[in-house]
1. So what is Rg over Rh here for segment 24-80, counting just Cα atoms and using Kirkwood for Rh?
2. Counting only heavy atoms of protein chains, what accessible area per residue, in Å², does the chain have with a probe of 1.4 Å?
3. Would you mind telling me the share, in percent, of accessible area of the chain contributed by carbon and sulfur at probe 1.4 angstrom?
4. Below 8 Å between Cα atoms, with a sequence gap of 6+, how large is the relative contact order for segment 1-94 in percent?
5. Return the equivalent ellipsoid semi-axes of segment 1-46 as a descending list in whole Å, where each equals the square root of 5 times an eigenvalue of the C-alpha gyration tensor.
6. From zero outward in steps of 10 Å, how is the percent of C-alpha pairs of the chain spread across the bins?
Amino acid sequence: MIQTIDEYKIIENGEVIGEIALWQYNNQKLPHIEYKVKPEHQNKGIMKKHLPIYLDRIKGIGNILAVVKYDNLISIKLLLNNGFKHIGKINENKIFIYGI
């Protein structure tokens, strides 16, 4: 079962164009961060602006994980620029885990 810990909506001109969420599987110790921006709003620096704000908002929560496909270089760069470190991969599909 997945439990949502926190949600952050990115709103421009009254429209939700993206979101960041922190959630946790019941059997795992560390929460996971997930973020997305609507396709028509991607590549505009929206997450680059909002992820640091969100991380500052939840900074007392401790370590968190982000799971990213190995070829999602934009997301990997975003995470690394916000203090995440590469800590391993999940399986042969080369999905990497980043933690902060």
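1. Details: Rg = 12.5 Å, Rh = 12.8 Å.
Computed over Cα atoms, the ratio is 0.98.
2. Values: 6740 Å² over 100 residues.
Heavy-atom SASA per residue in the chain reads 67 Å².
3. Details: 3480 of 6740 Å².
Looking at the chain in its full context, I get 52 percent from C and S.
4. Values: 97 pairs, mean separation 18.5, N = 94.
Answer for segment 1-94 is 20 percent.
5. Values: eigenvalues 132, 22, 10 Å².
After scaling each eigenvalue by five and taking roots: 26, 11, 7 Å.
6. Histogram of Cα-Cα distances, whole percents per bin: 14, 48, 33, 5, 0.
The values are calculated or read from the model by the stated rules, or taken from the named source; none is laboratory data. All values reported here derive from a predicted model rather than from experimental measurement. Side chains included, ligands, DNA and RNA excluded: accessible areas come from the protein's heavy atoms. Shrake-Rupley method; radii C 1.70, N 1.55, O 1.52, S 1.80 Å.
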